[in-house]
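The values are calculated or read from the model by the stated rules, or taken from the named source; none is laboratory data. Predicted model only: the values in this text are computed from it and were never measured. Here the Cβ positions follow ideal geometry from the backbone for every residue, glycine too, while neighbour counts run over all protein chains shown. When the accessible area is computed, the model is the full protein with side chains, heavy atoms only, and any ligands, DNA or RNA have been set aside. Shrake-Rupley method; radii C 1.70, N 1.55, O 1.52, S 1.80 Å.
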Amino acid sequence: MELKATRYEITGRTCVITLARPKRRNAWTGRMHTEYRWCLAQADQDPGVRVIVVTGDPDGQAFCAGADLGALEGHAEKGRYDSGVDDTIATPGYGVDADFDASFAYHFGLAKPVIAAINGAAAGVGLVLAAFADLRFAAAGAKFTTAHGRFNFPAEFGLSWVLPRIIGLTHANDVLLSSRVFTAEEALGMGFLNKVVPADELMGAVMAYATNLADQVAPGSARETKRQIYRDLHRGAAEAVVEAERLLEDMIKHPDYGEGVKAWMEKRRAEWRG
């Protein structure tokens, strides 16, 4: 696919996907969503990739400023919502669990951790994308908003499901009902972010974390732990324990288990087979 609204780069074992419409503050379009899902599919299928990072083109001075205003005007003129995508769009993360087979929820079905490097404003669908990532690092002073209230929209793309699970009902009600702007520092206090760092240190911090994750964690463990986390949000405690025991019996047979033990004993980095 020819990438016009995104960039796809591999650094070591980390794939960096950049939302790249800087003249429009990296605003979201159907084209960007189509490319983004294609990029995710490539990264998820690449055995050399262990971690996925998504960020915004720094020239756009935003992570993603939400839906493109042109698209919003188009919805008003048509009198209906048009996603701007068609049936040819890639389906990364689909087929793992029926609960993940929807826009943005597909992140939960990916085999690899996704880190959002939020280097500027994240509004509307930009906040959605950050919320469905597994980990979130942000530049100091970055601004966030759900935005939907000012357009007579509902909470978008499952934010009403995911935000209460990340930050609790009290904070989620605040930011969802008010659509107010809040800063990275406040988001950190809510529990939405893993870390806030100075803007010029953000990508360095994210890439260092991603490298450590890729080196220290067996790919099979990362994949199954991620899927356990999101599946367990939909099931009871006993079922989660039973499934963990089943996975343990299966995964202990994989060569990476023996390699992990040997590497630990020999005080060296493991050479994972994946």
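Considering all C-alpha pairs of segment 1-63, those separated by over 13 Å amount to 57%.
Number of Lys-Lys pairs in the chain with C-alpha atoms under 15 Å apart and a separation of 8 or more places or on different chains: 4.
Quick one: net charge of Val197's neighbours, Cβ under 14 Å, K/R +1, D/E -1? Kindly include the intermediate steps, with their values, before the conclusion.
Values: positive: Arg136, Lys195; negative: Glu185, Asp200, Glu201.
Spelling it out: positives minus negatives among the neighbours equals -1.
Which order do Phe144, Phe153 take by accessible area at a 1.4 Å probe, largest first? Could the numbers behind the result be given before it?
Numbers: Phe144 0, Phe153 75 Å².
Descending order: Phe153, Phe144.
By a 1.4 Å probe calculation restricted to protein chains, Tyr94 has an accessible surface near 70 Å², given to the nearest 10.
Looking at segment 216-258, the accessible area is 63 square angstrom per residue; that uses a 1.4 Å probe and ignores ligands, DNA and RNA.
Packing-based ranking of 37-45, 250-258, 157-165, 52-60 yields 52-60, 37-45, 157-165, 250-258, ordered from highest to lowest mean Cβ neighbour count within 10 Å. Only protein atoms count toward the accessible area here, which uses a 1.4 Å probe; on segment 88-159, the carbon and sulfur part of that area reaches 54 percent. Only Cα pairs under 8 Å and 6+ residues apart enter the sum, and on that basis the relative contact order of the chain stands at 16 percent. Separation of segment 205-249 from segment 147-195 is 25 Å, based on Cα centroids. Here the sum of -39500 (n - 2.57) over DSSP H runs of 4 or more residues, divided by the residues of the chain, equals -13500 deg cm²/dmol at 222 nm, to the nearest 500.
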